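Participant: First, the structure itself, so that you have it in front of you.
The values are calculated or read from the model by the stated rules, or taken from the named source; none is laboratory data. Since the structure is predicted, the reported quantities are computational estimates derived from the model, not experimental observations. Here Cβ is always computed from backbone atoms with ideal geometry, including for glycine, and neighbour counts include all displayed protein chains. Side chains are part of the model used for accessible areas, which takes the heavy atoms of the whole protein and leaves out ligands, DNA and RNA. Shrake-Rupley method; radii C 1.70, N 1.55, O 1.52, S 1.80 Å.
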Amino acid sequence: MPDLKKIIFFMFMALNVISSYAQDMDHATEEPTDLMNSNGKIYVVMAVVIIIVLGLFLYLINLDRKMKKLEDKETQKTK
């Protein structure tokens, strides 16, 4: 089992190194945010992110309400 932990740790560290090389943009003349902002696409991306987050919150609120109803029914049955 310790060998598995060592392998997972090594893979995690290797992926960290690869991702740090991927973020090195010496050859790029513009920053990625400047590119998106100049085209106006940053607003589309932000709108999509906000819609996804709001959808998740609404889903969680709806799920919480359903669970409360089920818990209330269960407590009424046991009384």
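Participant: Which condition does I61 not pass, out of (1) open to solvent by 90 Å² or more (accessible area, probe 1.4 Å); (2) modelled with pLDDT of 90 or more, if it passes all the others?
Facilitator: (1)
Participant: Quick check on M25: is it part of a loop (DSSP other than H, G, I, E, B), surrounded by 10 or more Cβ atoms within 10 Å (Cβ to Cβ) and modelled with pLDDT under 65?
Facilitator: Details: part of a loop (DSSP other than H, G, I, E, B): yes; surrounded by 10 or more Cβ atoms within 10 Å (Cβ to Cβ): yes; modelled with pLDDT under 65: yes.
For M25, the condition - part of a loop (DSSP other than H, G, I, E, B), surrounded by 10 or more Cβ atoms within 10 Å (Cβ to Cβ) and modelled with pLDDT under 65 - is met.
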